[in-house]
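> Shown below is the structure under consideration.
Since every read-out is calculated from the coordinates, none of them should be taken as a lab result. Everything quoted here is computed from the prediction, not taken from an experiment. No Cβ is skipped: glycine too gets one built from the backbone with ideal geometry, and neighbour counts run over all protein chains shown.
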Amino acid sequence: MNENLDIKERIKASAVRYKGQIFTGQTHGDALLVLEEAFPDYRAREVEDGFVTSSGRYVDRTEAREIAKKNDQIKPGPGTSSDILDSNYLK
């Protein structure tokens, strides 16, 4: 019997991905600060916004919203009807 069957994947942190590396923070701004320490001359247009899940997967904002919605991780508010997840509305 697989003990992990009852564990749901949840959104763990905001993240940005750059050159194959993932940087996390409480918000995407925080994650960008961590990225900037590693790559001071990074190109903003090459940075992808997303989230990291409890299983360690990097997901884009659209998939993150689906995961967060299934797990009741979205705070109520005017920006929560979007198809993408905004870290400001993550519980």
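> Consider Asp83 carefully, then state whether it is in contact with an Asp or Glu (Cβ under 8 Å, 6 or more places away or on another chain) and either closer than 9 Å to Ile11 by Cα or of a type in the set (Asp, Glu) (or both). Please lay out each step first, then the result.
On the way: in contact with an Asp or Glu (Cβ under 8 Å, 6 or more places away or on another chain): no; either closer than 9 Å to Ile11 by Cα or of a type in the set (Asp, Glu) (or both): yes.
Here the answer is no, as Asp83 does not meet what is asked.
> Given the residues Glu48, Glu66, which is the only one that is free of Cβ contacts under 8 Å to residues at least 60 places away in the same chain, among the charged types (D, E, K, R), closer than 17 Å to Lys91 by Cα and out of contact with any His (no Cβ under 7 Å at 6 or more places or on another chain)?
On the way: Glu48 fails: closer than 17 Å to Lys91 by Cα.
One residue alone meets the criteria, Glu66.
> Going through Lys19, Lys8 one at a time, which residue ends up being at positive phi and basic (Lys, Arg)?
Values: Lys8 fails: at positive phi.
That would be Lys19, the only listed residue that is at positive phi and basic (Lys, Arg).
> State all residues of region 69-91 that are surrounded by 14 or more Cβ atoms within 10 Å (Cβ to Cβ) and of a type in the set (S, T, N, Q); if no residue qualifies, say none.
Asn71, Gln73, Thr80, Ser87
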